[in-house]
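Below you will find the structure I want to go over with you.
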Amino acid sequence: MFWSKKVHGEKLLKCPRGHGYMRKLKKENVLIDVCEVCGGMWLDDGELQKLNALAKKKFTKAKKAKKVKKKSKSKKVKR
């Protein structure tokens with residue numbers, strides 16, 4: 001396994017490419033392992049699908065907000 005050292009009681013993984021140690025980056029409910037040296041990102045099984053679902057959700061929300069904003073502009077009455 002890639003366990004290598006402990007920092008503040010947390011086991012850090014070594015980068016699979018051998019560059020350095022990886023830190024955990026939390027995005028919503030997904031933990032992404034990021035190499036401190038090469039910047040490579042590693043996901044566990046199913047996490048890519050979770051990130052994809054989050055992106056779709058945010059895109060849909062932004063798209064709806066844009067439509068609402070557009071409608072409110074078109075309803076203004078000229079004097």
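No lab work stands behind these numbers, since they all come straight from the coordinates. For clarity, every value in this text was computed on a predicted model and none was experimentally measured. Neighbour counts are summed over all protein chains in view; Cβ atoms, including those assigned to glycine, are modelled from backbone coordinates with ideal geometry.
Return the subset of K24/K58; K26/K57; K26/K64; K27/K63; K27/K57; K26/K56 for which the Cα-Cα distance in this structure is over 24 Å, preserving the input order.
K26/K64
Oh, and also: In a shell of Cβ-Cβ distance under 12 Å around G39, excluding G39 itself, what net charge do Lys and Arg (+1) and Asp and Glu (-1) give?
Taking every Cβ under 12 Å from that of G39, the sum is 0.
Still on this structure, please answer the following. Stretch V68-V37 to full length: gain in nm at 0.36 nm per residue minus the Cα-Cα span?
Full extension of this stretch gives 6.8 nm more.
Another question, if that's okay. Can you tell me which of 51-64, 19-32 comes out highest on packing, and rank the rest after it, using the mean Cβ neighbours within 10 Å?
19-32, 51-64
Evaluate region 3-69: find the radius of gyration of its Cα atoms, find its Kirkwood radius, and give the ratio Rg to Rh. Intermediate values should be presented prior to the final figure.
Details: Rg = 16.1 Å, Rh = 13.8 Å.
We get a ratio of 1.17 for region 3-69.
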